[in-house]
Amino acid sequence: MSAKISPLSGFPELLPAARAVEREVIASLSHSFELHGFANIETRVVEPLDRLAKGGEIDKEIYTLQRLQQGGETSEAELGMHFDLTVPFARYVLEHAGHLEFPFRRFQIQPAWRGERPQEGRYRQFTQADVDIVGRDTLAFHHDVEVMRVMVEALDALPVPALSFQFNNRKLIQGFYRGLGLPDVTAAIRTIDKLDKLPAERVAELLVSDAGATPEQAERCLALATIRVPDTSFVEQVRALGVTDDLLEEGLAELAAVVEGCSAGVRRHARVEANLRIARGLDYYTGTVVEIFMDGYERLKSVGGGGRYDALASDGRTTYPGVGVSFGVSRSLIPLLADGVLAGSRPVPSAVLVAVNDEDSRSESDAIATALRAHGVPCEVAASAAKFGKQIRYAERRGIPYVWFTGEAGHQVKDIRTGEQVAADPDTWAPPHDDLRPKVVSRTDQEQKQ
């Protein structure tokens, strides 16, 4: 008896053509990171629960690992699957510090697992791409600019809708609130963070009631949070608010350097902005912060983010400061694939189908395929020696662009899309570069060409 199989909610599986898109995106990201000298690492799936649960709020979302039948061992029940790539990276740095050269430049593209309610852009299994630079005890600020620019360049090279990189600096926020004389800076940051959900008038009331601000101080907090520009003009706008503080000046200078440096990394249609509402985590980030948004998919909220942290990890003697950015590969790609914005050009890697004249000559077709593969042409041999028309239709169904024939006229290769057929040598012939492997077809790029 066969049972009906139901999909598991929150654990997306891609069909071959869509998987080809994901692989191309991952390859493009890896290439961009490696161009800047970042080494690839892969960490284990599980971490001790006490390490994963340090965030408190995420506890209920951690998937634990244990054997179906416990053999008296309890250690496996104390393991959980990582819900992001930062926690395992922190442990990796501590565990392998003696074998790493600092500043350590790493990128990591791996699945993570989170037991939350599945919805568009939020899955229980998802792939992330992280890039970080970590120092030992100290890490120069110029690495902030470098890491942020690397991610701008890497994502701007992808065939996705335009991305907006919105930068801020925690020193700027904290310095402004401190210079303003707010009694509870942390509460003020938490309250301003509610501007996405509450009207400004209500946020102003909460600044007074929860953060101890005066109405005039609340007004200037809101004025700071409304500054959003694509250049460094925010510096004078902030100074015009009449607040002075050394930490504020340091934050202004750092944010200006990040905005200028990242703007220089744009090659296609990414946008770089200073958005003084962005704060991210309350305690984790200490300087540069960024949120990444995708045009037309604002409903997903941010598809990436990160920033500067002064203590990724510490062993009690040494502290490891760092700066990093994470991009949600699954979070971004799966909605784009579902909407037809992205598609794979074909579901198979094969560029050529080698036709079979009859089963007795299959070995000759195999030899042709071997010759093509020897110089990097992906190909497969027809599954049966059917009439050539059926073999061509088989290639069409699989999305294979070329069919190879051998007969009295010698070797011939046919582009079944155009019908053009030419003589060819299996030892030297190769398809045009765009046909060599599956590629990403972007509706965005197609619309721009029209």
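Which order, highest average first, do 363-376, 262-275 follow once you tally other Cβ atoms within 10 Å for each residue and take the mean per peptide? Walk me through the intermediate numbers first.
Details: 363-376: 15.6, 262-275: 18.1.
Highest-to-lowest ranking by the protection proxy: 262-275, 363-376.
Arrange the peptides 105-114, 177-186 so that the one whose residues have, on average, the most other Cβ atoms within 10 Å appears first.
105-114, 177-186
What are the ³J(HN,Hα) values, in whole Hz, obtained from phi via the Karplus relation 6.51 cos²θ - 1.76 cosθ + 1.60 with θ = phi - 60°, for each residue of region 125-131 in sequence order, with x given for Gly and Pro?
10, 8, 9, 10, 10, 10, 9
Give me the accessible area per residue for the chain, probe 1.4 Å, as a whole number in Å².
Result: 49 Å² of accessible area for each residue.
Pop out the carbon and sulfur fraction of the accessible area of the chain as a percent, whole number, probe 1.4 Å.
C and S fraction of accessible area: 50 percent.
Explain nothing, just the number: relative contact order of region 293-352, from Cα pairs under 8 Å at least 6 residues apart, as a whole percent.
After rounding, I find 24 percent.
Of the labelled options [x] 15, 32, 25, 14, 8, 4, 1, 0; [y] 26, 57, 16, 0; [z] 21, 45, 26, 8, 1, which one gives P(r) over Cα pairs in 20 Å bins from 0, in percent as computed for this structure?
The calculated read-out lines up with [z].
Mind ranking 217-224, 146-153, 378-385 by how tightly packed they are, going by the mean number of other C-beta atoms within 10 angstrom, highest first?
146-153, 217-224, 378-385
Could you please report the charge total around residue 339, scoring K, R as +1 and D, E as -1 over all other residues with beta-carbon less than 12 angstrom from its beta-carbon?
Here the charged neighbours net out to +1.
222 nm [θ] for the chain, helices only, -39500 (n - 2.57) per DSSP H run of 4+, per residue, to 500? Spell out each step's value before the answer.
Working: 15 runs with 161 residues, N = 450.
After summing the helix terms and dividing by the residues of the chain, the value is -10500 deg cm²/dmol.
The values are calculated or read from the model by the stated rules, or taken from the named source; none is laboratory data. The structure presented is a predicted model; accordingly, all values stated were derived computationally and were not measured. Here the Cβ is made from the backbone with ideal geometry for all residues, glycine too, and neighbour counts use every protein chain on show. Each accessible area value is taken on the protein alone, full model and side chains, heavy atoms only, with ligands, DNA and RNA left out. Shrake-Rupley method; radii C 1.70, N 1.55, O 1.52, S 1.80 Å.
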